[in-house]
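Here is the structure we will look at, set down as structure tokens.
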Amino acid sequence: MSAFDTAVHTIQFLSADAVEKAGSGHPGTPMALAGITTELFTSTLRYNPQDPHWPNRDRFVLSCGHASMLLYSVLHLAGYDVSREDLMNFRQWDSKTPGHPEYGHTAGVETTTGPLGQGVGNAVGMALGSQLLAARFNTDQQELFNFRVFAIASDGDLMEGIASEAASIAGQLRLSNLVLIYDDNKITIDGTTEISFSEDVGKRFEAYGWQTTRVDGHNPAEVKKALDATKSATKPSLIIARTHIGIGCPTKQDTPSAHGSALGRDEINAAKKAAGWPLEEFLVPSEATAPFKARVQAVLPEYQAWQKNIAALTGERAALWKALANNEVPADLFAQLAAASDTKTDATRSSGSKVLQKAAELVPQLVSGAADLAGSTKTDLKGSPHIHAGNFAGRNIHFGVREHGMGAIANGLSLCGFVPVTSTFLIFSDYMRPSIRLSAMMKQRAAFVFTHDSIFVGEDGPTHQPIEQTGSLRMIPNLDVFRPADMLECAAAWGHTLSRKDGPTAILLTRQNLPALQRDPSFKNADVLNGAYIVSDATSPEVVLIATGSEVHVACEAKAQLEQAGKRVRVVSAPCLELFKRQPKSLQDAVLGTSGLRVSVEAGSTLTWGSIVGAGLSIGIDHFGASAPAELLAEKFGLVADSVTKRVLQSL
């Protein structure tokens, strides 16, 4: 048996043994894809297991993350920090081998893939990231960045709409450094693909602008020929590989039972015997690693030359690389953004845009895009061209009406060191939720800008008026949600977003104009970075009005009315509850007080305010909106000062 065949069988039976030991998992797909992955890692992919984060490494994305044992097995053979014991602890507490691959948890895992189709979008983002890096760092004399991105996708990945959106963008941009391998095994959990998925995938991708080819996924020569052909591609490549799920299993090959559950020890042993393989569990013959070691040695000179070349950078390229490689922004970023703020009456989407322009000057790794709404979200970076096929030097991305794909591509860009800004209306954040959730899980720095943030969209009506979206975003762990009330708070939102290194931020902005806040003389700009602060105070307040965004000025008006009624009132602006909740309790108590009626005022669901107001009062909207002018909606739905004052007095 050749070393290549030994490696293939090692991956197949490590996967089967690990799923069997865990009592759960997906053994059939790793068995089917073992040959393709071995070919990829031993003849094509450029990597260095001793430096898993080498910036110019080729990326491998397993979009069908349920087949995670395929990735863990090949990482083990390739020399990454994944031991045989780690494989034996598949899906167990605190192991390096969770049920689906997790970025930052296991060496060699490029992105967190769980929801199907997300990995395809991430791969498109990474391929775009490579092109952006090349445009910024390569010269006629030196090619610093040319990494390619290889992804494996299952039937399920390509059924999901997000993959279609991402593939369409990839074709539009002619990302020739992207190779997608489609595991055409014709089996899903419920049966054969004939029951739900009979389209011609190749023709679909050709229509997107991809080059396609078909191979026998179990024929190494065909696979290598197809991989080699992608090196000279002028567009993204799709390799449709016909495989047999659970290949070699006497009764479960090509059946749904090989997909989502353990095969059974008798079935595994029978497959091992048929392959001439010992029955020993978790067997890793030394010769199985030989092809991988040879590949690493072949790539090593290129790796060493790259390190020397990147260290020799000077001038603007060196400064940009330092910012990208280390996620660096100016230490005084917020101070500079705050200094550029004004006090004009304006919509926060406009104020936020002004801040964003200044931020883009200070953070060169920032790139921005919109889902065909840049004119409304105002997120175009002025003075920079739009990215398109053949010109990746710009900083603006036309994502088209593809919110799902936009979110996943943004995650791929952030994994390449860029700070992606995406934008659409808040109501469409639901389309992006899985991508935002994964960004938070991977602790990526990304800015998700959502404008038209409330019922004050007005005449567009309830289909376009967010109600539960703000609260829903706040429920995503590790996502900070900023809803600024004026330009200074927009500066704080962007300063925090771009300085943060452990997760993404959603910035929610108004369509309608808002007055600049009049703050107490004791206020300091840095107070905004606490997440909540006192706008207008009173001695021993008996009422604390806590508001966000467009409702802060309403709270200030209500304070004046309540004071006329003899009440002592403090107004607190809370642009980011997540940030505020991370502050020491002493600071929280200083802002909110320890007595008095707490009242939240926000044009949206009241569900997430309980931890702030306690037994107090939450004023908001817990029903759908209506089509009418914004001013009338505010009056009808109780979001004007008169209504707030009346509700507070009733509660007192």
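The values are calculated or read from the model by the stated rules, or taken from the named source; none is laboratory data. For clarity, every value in this text was computed on a predicted model and none was experimentally measured. We place every Cβ from the backbone using ideal geometry, glycine too, and count neighbours over all the protein chains shown. Accessible surface is based on the protein model in full, side chains and every heavy atom, while ligands, DNA and RNA are left aside. Shrake-Rupley method; radii C 1.70, N 1.55, O 1.52, S 1.80 Å.
Could you tell me how many of the residues in the stretch 501-522 are surrounded by fewer than 20 Cβ atoms within 10 Å (Cβ to Cβ) and either closer than 14 Å to VAL449 by Cα or among the basic types (Lys, Arg) (or both)?
1
Looking at the stretch 155-166, I want the residues that are farther than 19 Å from PRO256 by Cα and have a partner that is among the basic types (Lys, Arg) and open to solvent by 20 Å² or more (accessible area, probe 1.4 Å) with Cβ atoms under 6 Å, at least 6 apart or on another chain. Which pairs are those?
Final answer for the pair search is GLU165/ARG402.
For the stretch 363-378, give me each residue that is free of Cβ contacts under 8 Å to residues at least 60 places away in the same chain and in a helix (DSSP H, G or I).
Passing the criteria: ALA374, GLY375.
Where in the stretch 230-332 are there helices (runs of 4 or more DSSP H), lying fully within it, with 3 or more residues that are open to solvent by 40 Å² or more (accessible area, probe 1.4 Å) and polar (S, T, N, Q)? Quick ask: steps written out before the conclusion?
Numbers: elements: 265-274, 290-311, 315-326.
The helices (runs of 4 or more DSSP H) meeting that bar are 290-311.
Test of understanding: among GLU578, GLU542, which residue is at pLDDT 95 or above, over 28 Å from SER472 (Cβ atoms) and in contact with a Lys or Arg (Cβ under 8 Å, 6 or more places away or on another chain)?
On the way: GLU578 fails: over 28 Å from SER472 (Cβ atoms).
None of the other options fit; the residue is GLU542.
Considering only residues that are of a type in the set (S, T, N, Q), out of contact with any Leu (no Cβ under 9 Å at 6 or more places or on another chain) and open to solvent by less than 10 Å² (accessible area, probe 1.4 Å), which ones fall in the stretch 359-395?
None - no residue of the stretch 359-395 is of a type in the set (S, T, N, Q), out of contact with any Leu (no Cβ under 9 Å at 6 or more places or on another chain) and open to solvent by less than 10 Å² (accessible area, probe 1.4 Å), so the list stays empty.
Scan the stretch 289-315 and report the pairs whose first residue is of a type in the set (D, E, K, R) and whose second residue is surrounded by 13 or more Cβ atoms within 10 Å (Cβ to Cβ) and in a loop (DSSP other than H, G, I, E, B), with Cβ atoms within less than 9 Å and a gap of 6+ or a chain change.
Hits for this filter: LYS293/GLY79; ARG295/LEU45; ARG295/ARG46; ARG295/TYR47; GLU302/ARG46; GLU302/ASN56.
For a quick check of your reading of the model, give me the residue pairs whose first member lies in the stretch 321-337 and is without any contact (Cβ under 8 Å) to a residue 24 or more places away in the chain, whose second is of a type in the set (Val, Ile, Thr) and open to solvent by less than 60 Å² (accessible area, probe 1.4 Å), with beta-carbon atoms closer than 9 Å and at least 6 apart or on different chains.
Listed by first residue and then by second, the contacts come to GLU328/VAL363.
Return the pairs, sorted by first residue and then second, in which the second residue is among the polar types (S, T, N, Q) and assigned to a strand (DSSP E or B), the first residue lies in the stretch 519-534 and is under 17 Å from GLU578 (Cβ atoms) and without any contact (Cβ under 8 Å) to a residue 60 or more places away in the chain, the beta carbons are less than 9 Å apart, and the residues are 6+ apart or on different chains.
So the pair list comes out as VAL528/SER573; TYR533/SER573.
Among the residues of the stretch 87-112, which ones are within 24 Å of ARG46 (Cα to Cα), in contact with a helix residue (DSSP H, G or I) (Cβ under 8 Å, 6 or more places away or on another chain) and not hydrophobic (A, V, I, L, M, F, W, C)?
The answer is LYS96, THR97, HIS100, PRO101, GLU102, TYR103, GLY104, THR106, GLY108, GLU110, THR111, THR112.
Restricting to the stretch 333-358, and then to whatever is among the charged types (D, E, K, R) and in a helix (DSSP H, G or I), can you tell me which residue is least open to solvent (accessible area, probe 1.4 Å)?
ARG349
For the stretch 276-308, what are the residues that are among the aromatic types (Phe, Trp, Tyr) and over 29 Å from CYS249 (Cα atoms)?
Once the filter is applied, which keeps residues that are among the aromatic types (Phe, Trp, Tyr) and over 29 Å from CYS249 (Cα atoms), the stretch 276-308 yields TYR303, TRP306.
List pairs: first in the stretch 426-444 and at positive phi, second not charged (D, E, K, R), Cβ under 8 Å, 6+ apart or cross-chain?
Filtered contacts from the stretch 426-444: LYS443/GLY104; LYS443/ASN478; LYS443/GLY503.
Any residue that is farther than 21 Å from GLY117 by Cα, open to solvent by less than 10 Å² (accessible area, probe 1.4 Å) and in a loop (DSSP other than H, G, I, E, B) - is there at least one of those in the stretch 30-50?
Yes: one or more hits.
So which of PHE418, PHE399 is open to solvent by less than 10 Å² (accessible area, probe 1.4 Å), at pLDDT 95 or above, among the aromatic types (Phe, Trp, Tyr) and touching a Leu at 6+ places or on another chain (Cβ under 9 Å)?
Criteria check complete, one pass: PHE418.
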